[in-house]
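One structure below.
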Amino acid sequence: MSDAATMTTDLAPIVDTLAAAQRARGQLVIRGGGSVLERLPPTDAEVLSTAELTGVIDHRPEDLVITVRAGTPVEELSALLATHGQECPIEPLAGHGSTVGGRLATALAGPRQLQAGRVRDWVLRVRLVTGDGRVVTAGGVTVKDVTGYDLCRLATGSWGTVGVIAEVTLKLRPIPTTSAWFTTDRPASRVLAELYRPAAVVSTDEGLFVRLEEHPDDVVAQAAAVGLVAAVAPTLPTTARAAVDPSRLAELTSWAQAAAIPYAGFVGVGVCLLDGDPDALVAAGARAAELGGRLLVLDAGATTLPMRPPPEDPMSERVRAALDPQQILLDVRRPR
Amino acid sequence: MHPTSGTRPRRDLQPTAAESALLTDLGRVLGEDGLRTSALSRATYRRDASFLNADPLAIALPSTREQLAAVLRACRDHGVPFTPRAAGTGLAGGATPTGVGGVRPLVISVARMDRLLELDAANRRAHVEPGLVNARLGRAAAAHGLRFAPDPASQIAATLGGNVATNAGGIHVLTYGVMSQHVLAVELMDADGVVHLLDGRLPEQAGLDLRGVSVGGEGTLGIVVGAWLRLLPAPQAIGTLLAGFHTLEAAAATVGALVTSDRLPDAVELMDARAIALVEDYAQAGYPTDAAAVLLLEYEGLPAGVSAGVDTAARMAAEHGATQVVRAADAGQRARIWKGRKAVAGAIAKQAPDFFLQDVVVPRSRLGEMLDAVVAIGERENLIILNVVHAGDGNLHPFVLFDRREEGVLDRVFAAGHDIVTTALALDGTVTGEHGVGIEKRDFLSQIYTEDALAVQQAVRTAMEPSGLANPDKVLPTTVGCLEARMVPEGAWV
Ligand SMILES: Cc1cc2nc3c(=O)[nH]c(=O)nc-3n(C[C@H](O)[C@H](O)[C@H](O)COP(=O)(O)OP(=O)(O)OC[C@H]3O[C@@H](n4cnc5c(N)ncnc54)[C@H](O)[C@@H]3O)c2cc1C
Ligand SMILES: Cc1cc2nc3c(=O)[nH]c(=O)nc-3n(C[C@H](O)[C@H](O)[C@H](O)COP(=O)(O)OP(=O)(O)OC[C@H]3O[C@@H](n4cnc5c(N)ncnc54)[C@H](O)[C@@H]3O)c2cc1C
């Protein structure tokens, strides 16, 4: 995968599709791997797919950066990086075919965000085609860049509502020398306090799981100090995810335990993945709301609940209108 | 590329009717103690730590959010722009009170809003007011076994609001990241005095990440009145290493090797021979004075990983021909090694009356080339330039030393600064890594961004700050108004 560094992406088809939608006053939904979209009810909107937008543009292992087209499957990226002993810990969900662009657009991160940070922390540069068809690059290939407003952050987590993410430059790091999952009977809060920066602490209906990523001797010493027992990785529910203040997570997980709903709460983070029938999810949504949080339902097949519509503040509305004045980009979380 | 000496500041002019009306309103809100209008006060707030200076209308020093909101509403009602300011250690002219179209802005200092509102040790976060000094949060966190990772060299003076507004960097960016990664939420006050909580306490965003846009907004998007910051546990072990090299290339090549090794160092600083000589003379940090460059390396975390990292670094430095490798045996030796790095600004102040500090970034693999280029630029312009580099990030801080009394020296200084920036751009780098755009780098943006990209940047700015009164002529190149900043260092104002 040593495509020339100078290789550019032909964005004309995307610009044309956006222009056509503008003329027709229609709506578009951007589609990456479809791992989220496929589980949502179909819409009338025309699909703008990034399936053709694949491949590595420039990989510089010595600079710890890689630039790829947004339609590149996350798994392909991870496999390539692994051959160089590197990773970008934005966590592919195995077998789901999700794309780098989709990862950025949804900004949903897994349990390793406790130590590795969120998706947004790994994005150095984005090439975006705005809803009104302007091609914009923000950020750079260097790890620090404060030249102008940080539109990389704006694109990350935008759920396809400000433009099409076309190219992405990601920050990389060496794969940790050792990584292993453990389990323990100790309370989650104690484990989090006693371990030095664990990679993940996950509270599930099958017990508490801990992931350590350190020098092998440190992994052994930490595990012994806290009484961790080797385990396989926990299985993560995929139907819905709740987000609460990390200080309220234990209240949500004990509620799920009592309600006999499969759950995986990211301790220290505040995200909780849940499975369950429609009634259970309605109850989970109510419980999350009581705790000041919210629930995002990602599988329409499992429930008649809509995805949680994000509350829109006037400032976000204005920013969105500045980039997509005709609102041709559909927010899949708020079907019209 | 640099703003030329513009019109004389309107120091002696009487305030216009609108200005007088504003001052009357402000006096009512702030009292005598909170509003400064004298020539001496205005002189004190003419500039930040750059050379760019201009005359403000007055200085408002609100102590509370309510006062600040009233100040902002008064500016809005009288159509007077404002320049947010904190400690004034910025190096790009961001806090310099330049006006647009002959209107002098009001400087709004948040220095008095400096409380640590909450330190939530259990959940490792802190809620701060903008005027809180970075190092003070560090000390408060340390009492709980925690730390605040962003550590700009100016941390004993610079504020957290200023760090948010500039997306500051520091010594430990390589593994901990820049300021933005440590900002959970921003409370941004708009020109109507309304506070917007950008991103909240939840771990997943609901709308757009306007928090991320506001970080690095340089006072053009509103005033940061509060921030929720992430704290981290203090490391259990720290390993520090000092390595001397005969050539800059060898030091730069060592950095490249370290960055691709299986454990990243947490800090990689490089200083060249001129910087070494200067700080040794001043601070006696124990750097080898016969070296062309030294690397200061640090590994943090758990004991085995740290000692393996230090071993690897020592081996790699030796493989690249290091002449001397010293491992800090204890906290005292570690502090001594860092003392040299931290003494740079003080040492320079002793050596030369003036310095001009640049801030450019290149991909790490181009570091050697960039350092060579800086040396050549110094020779060509007949200037002393010393290099202090956040090498792990490819972020160079060339210090150009001079004496402003020397005839024509400023032209050479600015020419050198300009060449350093264009060289970085040619090496696929960028014009500023951490100091910001302010006024100093503003015109370079037209070289970096396409017209469409600039238009989108402007559109996002207007959407977030529709009044146009917040630090109006900063960050984006303007087409309107005349710039009233003066690049000339002022010698006679205090
Ligand atoms: C309950 C649940 C939990 C999950 N947890 C994790 C996890 O822990 N870790 C993990 O790695 N993954 C997780 N995922 C999967 C992951 O978040 C998404 O499925 C995936 O990243 C989306 O990628 P995609 O290419 O399939 O996007 P799609 O399903 O095609 O699109 C998803 C959204 O992104 C937008 N979008 C896609 N591509 C672009 C683009 N190029 N530009 C602009 N907008 C675009 C779409 O418009 C849509 O709004 C989870 C999924 C579910 C359902
Ligand atoms: C010796 C020295 C070393 C330095 N080292 C570093 C370093 O290692 N890393 C680094 O990143 N920087 C460094 N700097 C630059 C400077 O310290 C940083 O930019 C710092 O973040 C500025 O903070 P301040 O409180 O001084 O802000 P100021 O200089 O007062 O303001 C800086 C900018 O932020 C805006 N601003 C300030 N407060 C607010 C607010 N509350 N709301 C909205 N806007 C606001 C101002 O309008 C201005 O545009 C250094 C400076 C010096 C002099």
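The values are calculated or read from the model by the stated rules, or taken from the named source; none is laboratory data. Model, not experiment: these values are computed from the prediction. With ideal geometry, Cβ positions are generated from the backbone for all residues, glycine too; neighbour counts draw on all protein chains shown. Side chains included, ligands, DNA and RNA excluded: accessible areas come from the protein's heavy atoms. Shrake-Rupley method; radii C 1.70, N 1.55, O 1.52, S 1.80 Å.
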TODO: Sort through B:433, B:417 and tell me the only one that's open to solvent by less than 20 Å² (accessible area, probe 1.4 Å) and within 18 Å of residue B:393 (Cβ to Cβ).
DONE: B:433
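Matching residues to (1) open to solvent by less than 20 Å² (accessible area, probe 1.4 Å); (2) at pLDDT 90 or above; (3) outside the structural domain of residue B:276 (by TED's automatic domain parsing); (4) assigned to a helix (DSSP H, G or I):
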| site | (1), (2), (3), (4) |
| --- | --- |
| B:325 | no, yes, no, no |
| B:333 | no, yes, no, yes |
| B:337 | yes, yes, no, yes |
| B:366 | no, yes, yes, yes |
| B:379 | no, yes, yes, yes |
TODO: Would you check which residues across the stretch B:396-414 are surrounded by fewer than 24 Cβ atoms within 10 Å (Cβ to Cβ) and within 14 Å of residue B:362 (Cβ to Cβ) and list them?
DONE: B:397
- [ ] Examine the stretch A:38-58 for a residue that is within 14 Å of chain B (Cβ to nearest Cβ), surrounded by fewer than 20 Cβ atoms within 10 Å (Cβ to Cβ) and not basic (Lys, Arg), and state whether such a residue exists.
- [x] yes
Task: Residue among B:314, B:243, B:250, B:257 that alone is open to solvent by 10 Å² or more (accessible area, probe 1.4 Å) and either outside any helix (DSSP H, G or I) or within 14 Å of chain A (Cβ to nearest Cβ) (or both) - done: B:257
- [ ] Could you please find all residues in the stretch B:454-472 being within 21 Å of residue A:153 (Cβ to Cβ) and touching a Lys or Arg at 6+ places or on another chain (Cβ under 8 Å)?
- [x] B:455, B:456, B:463, B:464, B:466
Open item on the list: Please return the ranges of helices (runs of 4 or more DSSP H) entirely within the stretch B:147-214 where 2 or more residues are facing another protein chain (nearest Cβ under 9 Å).
Closed with: B:173-176, B:210-214
Open item on the list: Out of A:123, A:164, A:146, A:141, I need the residue that is out of contact with any Lys or Arg (no Cβ under 7 Å at 6 or more places or on another chain), among the aliphatic types (A, V, I, L, M) and open to solvent by 10 Å² or more (accessible area, probe 1.4 Å). Which one?
Closed with: A:146
Open item on the list: Based on this model, can you work out whether residue A:252 counts as touching a Ser or Thr at 6+ places or on another chain (Cβ under 6 Å) and either open to solvent by 10 Å² or more (accessible area, probe 1.4 Å) or more than 14 Å from ligand 1 (Cβ to nearest atom) (or both)?
Closed with: no
- [ ] Identify the residue in the stretch B:260-285 that is open to solvent by 30 Å² or more (accessible area, probe 1.4 Å) and in contact with a strand residue (DSSP E or B) (Cβ under 9 Å, 6 or more places away or on another chain) and, among all such residues, is farthest from residue B:357 (Cα to Cα).
- [x] B:262
Open item on the list: Just to be sure before I move on: is residue A:178 out of contact with any Pro (no Cβ under 6 Å at 6 or more places or on another chain), of a type in the set (Ser, Thr, Tyr), open to solvent by 30 Å² or more (accessible area, probe 1.4 Å) and more than 16 Å from ligand 2 (Cβ to nearest atom) in the structure I sent?
Closed with: no
TODO: Would you confirm whether any residue within the stretch B:120-143 is more than 13 Å from ligand 2 (Cβ to nearest atom), within 20 Å of residue B:213 (Cα to Cα) and within 14 Å of another protein chain (Cβ to nearest Cβ)?
DONE: yes
TODO: Evaluate the stretch B:107-119: report whether one residue or more is open to solvent by less than 30 Å² (accessible area, probe 1.4 Å) and either farther than 30 Å from residue B:433 by Cα or more than 22 Å from the chain's Cα centre (by Cα) (or both).
DONE: no
- [ ] Starting from residues that are closer than 15 Å to residue B:180 by Cβ and among the basic types (Lys, Arg), keep the ones in the stretch A:109-152 and report whichever is farthest from the other protein chains (Cβ to nearest Cβ).
- [x] A:125
Open item on the list: Out of A:233, A:199, A:260, A:221, I need the residue that is without any contact (Cβ under 8 Å) to a residue 60 or more places away in the chain, of a type in the set (A, V, I, L, M), within 26 Å of residue A:36 (Cα to Cα) and open to solvent by less than 70 Å² (accessible area, probe 1.4 Å). Which one?
Closed with: A:233
